Amino acid sequence: MRILGIAVLVLFLAGCQTTATTDVNSLWFKIRPGSTLVLNKPVEIPAGVAHIDLQNGQLSGGVDEYTVNCTFEIENLGPHTVTPDTFLITDASDAQEWISQPDIMRFYKVLRLKSERQPEVLKLVCQDWAGPLLGRPVTVGEIEKAVGAYFTFQFAP
């Protein structure tokens, strides 16, 4: 009985430990206020849509939903060119939703963006589809792979 009490106490104390990390591949990495996302190359938004998809470092007209991909969104329908700029990340949040219950869920991270020069830029949404037991939040490392050289993060200290 005493060993069980000690084990419970150890687990309780371990739960109080901070999960902060600097590893972008960790599920516990948090994008801090003041972080930015830098667009390194111009991005062309096609006519009739308000976004462009990125996957495996490439701009894409279609994506494999079961591999991390990102959607860069603007306010109005294109055609539109988003020029290189530094966007303040005003909010970064994780979420999930059912795509086809009970088999497929969408796990995604939303980065809300702000620029004085290009106020029409809204957000970068990165996602992955998986089964509810196998899925997990998208990591910043996976986002970096999806956007490739188009975007670079600058994390606040």
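All of the numbers you see were taken from the coordinates with simple rules; none came from a lab. Please read all numbers here as calculations on a predicted model, not as lab measurements. All Cβ positions, even for glycine, are placed from backbone atoms using ideal geometry, and neighbour counts span all protein chains on display.
Can we say R112 is farther than 21 Å from H51 by Cβ and among the basic types (K, R)? Considered against the rule, which asks whether it is farther than 21 Å from H51 by Cβ and among the basic types (K, R), R112 comes out as no.
If you go through the stretch 131-153 and keep only what is of a type in the set (S, T, Y) and over 15 Å from K41 (Cα atoms), you end up with just T139. If you filter the stretch 71-102 down to residues that are charged (D, E, K, R) and in contact (Cβ under 8 Å) with a residue 12 or more places away in the chain, you find that the one that is farthest from T152 (Cα to Cα) is E75. Evaluated against (1) over 21 Å from Y66 (Cα atoms); (2) part of a helix (DSSP H, G or I), G141 falls short on exactly one condition, (1).
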